[in-house]
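Novice: Okay, here's the structure, questions in a sec.
No value in this document is a laboratory result; all are computed from the given coordinates. Computed from a predicted model, the values in this text were never measured in an experiment. Note that we place each Cβ from the backbone using ideal geometry, even for glycine, and neighbour counts take in every protein chain shown.
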Amino acid sequence: MHGLETKYGNCVDFVYLDIDSAATKAAKDKLGYVAQPNFFLLDASGKIVWKKLGLVTEAELDQQLKAITKP
């Protein structure tokens, strides 16, 4: 994840939600966050454009990020 954050950090905001954190409850509720790991890609307006529950490989996430950005 951190390698992708370095690669795409200039055009993507990476936000980490902890399932046990009350501080991010509103965001988790809005996204439908139910378990870890849970990945969401949102567009600039906050609409979910891709999501996946469960493990995601770096290559899979890189492909999704590449599709929506120009790093």
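Novice: Enter the angle in degrees (range 0 to 90, nearest 10) between the Cα long axis of helix 58-68 and the first principal axis of the Cα atoms of the chain, meaning the one along which they spread out most.
Specialist: 80
Novice: Would you calculate the separation in nanometres between label points at residue 44 and residue 7, each defined as 7 Å from the Cα along the Cα-to-beta-carbon direction?
Specialist: 2.3
Novice: Hey, another quick one. If you wrap the chain's Cα atoms in a convex hull and average its projection over all directions, what's the area in nm²?
Specialist: The orientation-averaged projected area of the Cα hull of the chain comes to 4.8 nm².
Novice: Arranged by the count of other C-beta atoms within 10 angstrom, fewest first, what order do 24, 69 take?
Specialist: Neighbour counts put them in this order, fewest first: 69, 24.
Novice: Place +1 on the Cβ of every Lys and Arg and -1 on the Cβ of every Asp and Glu in the chain, take the dipole about the Cα centre, and give the residue among 4, 49, 23 whose Cα lies farthest towards its positive end.
Specialist: Checked the options; the winner is 49.
Novice: So how much slack lies between residue 23 and residue 52, counting 0.36 nm per residue of separation and subtracting their Cα-Cα distance, in nm? Display every interim value, and only then the final one.
Specialist: Numbers: separation 29, 0.36 × 29 = 10.44 nm, distance 2.23 nm.
Going from the current span to full extension adds 8.2 nm.
Novice: Describe numerically, in nm with one decimal, the distance between label points set 7 Å from Cα along Cα→Cβ at residue 59 and at residue 34.
Specialist: Distance between label points: 2.9 nm.
Novice: Sum up the lysine pairs in the chain that clear both bars: alpha-carbon distance under 20 Å and a spacing of 8 or more or different chains.
Specialist: 17
Novice: Using the crude model of +1 on Lys and Arg Cβ and -1 on Asp and Glu Cβ, and no other charge, please compute the dipole size for the chain relative to its Cα centre, in debye to 20. Mind dumping the intermediate values first?
Specialist: On the way: 9 positive and 9 negative charges, 50 e Å.
The calculation lands at about 240 debye.
Novice: For residue 50, what residues show an amide H to amide H distance below 5 Å, using hydrogens built from the backbone and excluding near sequence neighbours?
Specialist: Answer set, sorted by chain and number: 41.
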